[in-house]
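Since every read-out is calculated from the coordinates, none of them should be taken as a lab result. Bear in mind that the values here come from a model prediction, so they are computed numbers and not experimental data. We place every Cβ from the backbone using ideal geometry, glycine too, and count neighbours over all the protein chains shown.
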Amino acid sequence: MAQRILIRRDEGGAIEGLPLQLMIAVIVAGIALAIILGWALSIRTPSTISRIEAAPDTVGVSGPVNQDAVKTVTITVRAFDQNGNTIAGIVVSLRGAGVVKAGTDAGDGTTDGTATFQNVQVRVPANQLTARIDVTVEASGFPTATDDILVVRQ
């Protein structure tokens with residue numbers, strides 16, 4: 001006599017278990033996303049010196065072309081961060097056109113983000129029409145930035 005095998009399919013349990021597994025997966029994914037976004041949004045944007053303002057940006061000197069042309073000027077330097085705010089505590093160095101100077105914005109007794117150099121003698125060498133002063137600005141927590149001042153024989 002042939003035996004009959006009864007196969008019973010219980011598909012109802014699988015359907016009931018699927019939403020529970022899906023809910024657990026969504027909750028775990030949501031928690032993981034919250035952790036990753038919290039970490040990513042806590043990273044600060046690095047500070048940068050976005051702009052240097054050197055005044056005057058061009059200095060005109062007069063004199064014969066075959067001799068050094070010299071002029072005494074006052075140079076003011078300001079540095080601004082990525083938000084447009086002045087940066088206090090800057091250290092400024094000037095090099096070129098016969099100038100080698102360094103100073104801070106505290107040189108005048110205040111840390112207002114402005115470095116002032118008075119009685120600076122700029123020079124255009126004989127037989128040259130221009131010279132350049134390299135302006136380097138450094139500040140704590142910021143990368144070094146540079147600008148220049150053009151010295152032109154008139």
Subject >> Unique match (being over 14 Å from the mean Cα position of the chain (by Cα) and free of Cβ contacts under 8 Å to residues at least 40 places away in the same chain) among ALA126, ALA102 >> reply: ALA102
**OP:** Evaluate the following for GLY98: is it in contact with a Ser or Thr (Cβ under 9 Å, 6 or more places away or on another chain), small (Gly, Ala, Ser) and on the phi > 0 side of the Ramachandran plot?
**Re:** no
Subject >> Given (1) in contact with a Lys or Arg (Cβ under 9 Å, 6 or more places away or on another chain); (2) assigned to a helix (DSSP H, G or I), number of the condition GLY107 does not satisfy >> reply: (1)
**OP:** Go through the range 117-154 and count every residue that is more than 22 Å from ALA69 (Cβ to Cβ) and buried (at least 16 other Cβ atoms within 10 Å of the Cβ).
**Re:** 7
Original post:
Applying the selection to the range 105-123, what residues are of a type in the set (Ser, Thr, Tyr) and touching a residue at least 24 places away in the same chain (Cβ under 8 Å)?
Top reply: THR114, THR116
